[in-house]
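Below is one structure, written out as structure tokens, with a few remarks after it.
Values quoted throughout were computed directly from the atomic coordinates according to the rules given, and no laboratory measurement underlies them. Computed from a predicted structure; not experimentally measured. FYI the Cβ positions are ideal-geometry reconstructions off the backbone, even for glycines, and counts take in every protein chain you see.
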Amino acid sequence: MKLTFDQVARRAKKLVRDGEVGQAVGLYQEFLNAFPKNERARKALADLTAQRQDQGRPLQKRLEEVVSLFAKGQVSQSFSGASALVEEFPDAAMAWNIRGASAFRLGLLDVAEDSLKKSIVLRPDFAQALSNLGTLYFHQGKMDAACETLVAAIKANPDDAEAYNTLGGVLYKLGRLDAAEAYFVQAVKANPKYAEAYNNLGTVLFDKGKLTAAQEGFAFACRMRTDYWSALSQKLYIQAILCDWSGITEFERVADRIGTRDQAIEPFTMLSYEDDPKHQLQRSQAYARTNFHKPPQPVFGKPKEKTAKLKIGYFSADFHNHATVSLMMGLFKHHDRSRFEIHAFSYGQVQQGQTRDRLLGLVDSFENVFGVSDEEMVERARQKDLDIAIELKGYTRQGRTAVFAYKLAPVQMNYVGYPGTLGTDFIDYIVADKVVIPQECKDCYTEKVIYLPDSYQPNDNCREIADTKTTRADFGLPDDGFVFCCFNGNYKITPREFDIWMRLLNKVEGSVLWLFHSNDWAVNNLRREAKARGVDPDRLVFAQRLVEKEHLARQKHADLFLDTFNVNAHTTASDALWAGLPVITRPGKQFAARVAASLLHAVGMTELVARSDADYEEIALDLALNPEKLADIRRKLAENRSTHPLFDSERYTRHLEAAFTQAYDLYREGKAAQDIEIK
């Protein structure tokens with residue numbers, strides 16, 4: 001039934017009162033389509049259009065002002081301005097969009113979602129609002145909704161570089177690297193000066209193993225923005241992986257600025273470039289401030305009275321055949337299941353392997369949370385009613401420290417995975433010892449310190465060493481020459497230790513240096529650097545990756561392990577010591593630079609902990625030139641392996657469990673976290 005003009009006019013007036021001017025205009029236009037000669041309707045439409053135009057001029061000017069505020073980063077002001085505009089002009093789609101974008105920046109996620117949805121209702125093809133909403137969904141971990149919304153944004157505006165870039169980010173998080181790469185390429189095609197898209201393209205290329213292409217992507221990002229510290233840090237990290245030491249000079253020019261102030265970088269990328277725990281603290285704090293927007297905290301209720309079992313949750317992406325978890329298998333095996341309930345939460349892409357299969361039988365529950373949103377992971381963790389949550393990844397690749405900002409448990413710990421502070425206010429403790437965190441460096445950690453009595457690092461005293469019949473020749477090594485080795489990742493090698501290694505080769509006739517083969521570029525660069533120091537490049541021999549038990553077995557063909565400085569051997573040092581291979585280290589200041597010293601103290605081999613670079617070189621040369629001294633060292637290591645604490649998995653587990661109990665007791669008694677020393 002058609003409406004009369006009076007009925008239309010009444011409805012239109014109500015719409016105007018409700019702020020829906022656009023709908024009122026549409027109502028009159030629809031009436032005139034049916035009755036084109038109705039002058040009253042024509043005049044009412046003209047009056048309403050004129051009124052709307054009169055309102056539009058101040059609206060447009062004020063919109064420009066709030067957009068400008070938002071562009072300048074003054075998001076509190078842009079949020080207030082946009083909120084005032086939508087009160088006065090409820091049908092202003094752009095105002096709702098700016099309000100939503102500002103609310104997102106302020107961490108008001110519900111307000112942001114509501115505002116952006118209202119903007120899209122008013123303008124269903126509003127590409128910018130669709131792109132912003134897709135970005136919000138991505139941030140919330142709502143990947144399906146993010147994909148759908150961003151595809152709609154691109155359909156509305158095929159030149160929307162930001163939508164391509166964000167959709168690439170969503171696909172990257174879902175592990176769809178080829179698709180992610182394609183969208184990042186589309187983003188830079190749409191905007192050839194889009195630094196963030198070049199940075200993201202570098203990231204996905206890195207994960208695909210295209211190292212030089214990734215380095216180029218990060219370099220492009222740096223050229224687009226000269227102060228783009230996060231892109232520069234990734235470029236420098238790749239250069240370290242390639243053993244392209246030209247990056248060291250570039251780093252030294254910006255060492256006190258890169259990642260230490262407002263613009264965050266991934267802290268791990270700079271560990272090998274300098275030994276400075278204060279800078280590492282600043283980088284972790286900046287990263288935490290930028291990436292972790294603290295959500296509303298749960299109320300855990302009154303702390304429990306002492307119960308029969310504490311519930312411990314371990315969170316990692318590495319519950320498979322991975323070095324760190326391999327070391328932890330002794331811990332999982334020896335946990336006192338009458339006093340502790342053990343839960344593992346796995347968010348890694350690799351979802352199979354012998355280590356994983358073994359672990360399934362050593363825990364009370366194993367939750368596969370790969371690909372789920374932060375909110376779902378938090379919900380599934382809280383369903384376990386955990387007492388202590390353990391962060392095993394930290395700021396390493398695939399880490400999801402952000403979920404700990406929600407408080408998964410009343411007590412939260414940083415353990416094993418990342419060699420340094422996380423710089424947050426939601427991680428209570430870091431598990432360490434008095435070697436890796438000496439008293440003079442304690443202020444460089446935001447966590448309270450749990451000091452274990454031996455080494456912080458767990459070990460499994462049941463790790464299998466293959467019974468192989470291999471010879472040195474099988475690995476390209478000389479039958480009689482002295483074999484120095486370092487199986488650390490090549491990114492840890494810097495000119496500082498490499499100079500010493502080359503002097504040792506020149507002083508020990510017939511010796512070789514056995515290194516790990518990380519990539520072909522590193523091999524070529526290291527051989528070129530050897531030649532520049534007067535060493536035949538063929539005296540550098542490179543070891544390919546092997547399964548763990550065979551990797552342990554081949555170490556019988558080496559004579560002496562030479563450690564790197566800024567980032568020590570960690571698992572690789574335990575590998576060597578377990579296999580009976582002596583390790584020489586030179587401890588520095590930061591956590592990563594003191595791990596091997598911690599291990600050597602715990603296995604009673606402190607004579608291999610050098611006091612200086614010169615002492616490190618002198619110890620190595622002395623052992624290389626005096627076979628009887630080296631034989632004594634190897635005999636002592638063989639004895640100490642079974643008599644000293646480093647490889648006593650059960651003793652280690654009891655100490656860590658005592659730390660868990662003391663930390664939870666402090667919480668139960670209503671006390672703040674404090675340093676804990678286990679005797």
- Message: Whether any residue in the stretch 546-553 is buried (at least 19 other Cβ atoms within 10 Å of the Cβ) and touching a strand residue (DSSP E or B) at 6+ places or on another chain (Cβ under 7 Å) is what I want to check.
- Response: no
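Here's the yes/no breakdown for (1) surrounded by 13 or more Cβ atoms within 10 Å (Cβ to Cβ); (2) among the charged types (D, E, K, R):
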residue	(1), (2)
587	yes, no
614	no, no
639	no, yes
668	yes, yes
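Do we find that residue 162 is acidic (Asp, Glu) and within 25 Å of the chain's Cα centre (by Cα) in this structure?
yes
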- Task: Go through the residues of the stretch 554-566 one by one and say whether even a single one is β-branched (Val, Ile, Thr), surrounded by 22 or more Cβ atoms within 10 Å (Cβ to Cβ), touching a Ser or Thr at 6+ places or on another chain (Cβ under 7 Å) and under 30 Å from residue 353 (Cβ atoms).
- Result: no
- Query: What is the residue count in the stretch 520-540 for residues that are buried (at least 17 other Cβ atoms within 10 Å of the Cβ) and either under 13 Å from residue 501 (Cβ atoms) or of a type outside the set (Val, Ile, Thr) (or both)?
  - Reply: 10
- Query: Which one is nearest to residue 215 (Cα to Cα), of the residues in the stretch 231-259 that are of a type outside the set (A, V, I, L, M, F, W, C), surrounded by fewer than 21 Cβ atoms within 10 Å (Cβ to Cβ) and free of Cβ contacts under 8 Å to residues at least 40 places away in the same chain?
  - Reply: 247
- Query: When only residues in the stretch 474-505 that are among the β-branched types (Val, Ile, Thr) and part of a loop (DSSP other than H, G, I, E, B) count, which is surrounded by the fewest Cβ atoms within 10 Å (Cβ to Cβ)?
  - Reply: 494
- Query: Are any residues in the stretch 417-428 buried (at least 24 other Cβ atoms within 10 Å of the Cβ) and either among the acidic types (Asp, Glu) or in contact with a strand residue (DSSP E or B) (Cβ under 8 Å, 6 or more places away or on another chain) (or both), and if so, which ones?
  - Reply: 421, 422, 427, 428
- Going through (1) part of a helix (DSSP H, G or I); (2) more than 28 Å from residue 170 (Cβ to Cβ); (3) in contact with a Gly (Cβ under 9 Å, 6 or more places away or on another chain) one by one, residue 80 fails only at (3)
- Message: Can you pull out every residue in the stretch 270-299 that is of a type in the set (Ser, Thr, Tyr), within 20 Å of residue 199 (Cβ to Cβ) and either surrounded by fewer than 16 Cβ atoms within 10 Å (Cβ to Cβ) or in contact with a Lys or Arg (Cβ under 9 Å, 6 or more places away or on another chain) (or both)?
- Response: 290
- Breaking point among (1) under 19 Å from the mean Cα position of the chain (by Cα); (2) in a loop (DSSP other than H, G, I, E, B); (3) of a type in the set (Val, Ile, Thr); (4) under 25 Å from residue 335 (Cα atoms), for residue 430: (2)
- Task: Could you pull out every one of the helices (runs of 4 or more DSSP H) wholly within the stretch 98-210 that has 2 or more residues that are under 21 Å from residue 295 (Cα atoms)?
- Result: 109-122, 127-140, 143-156
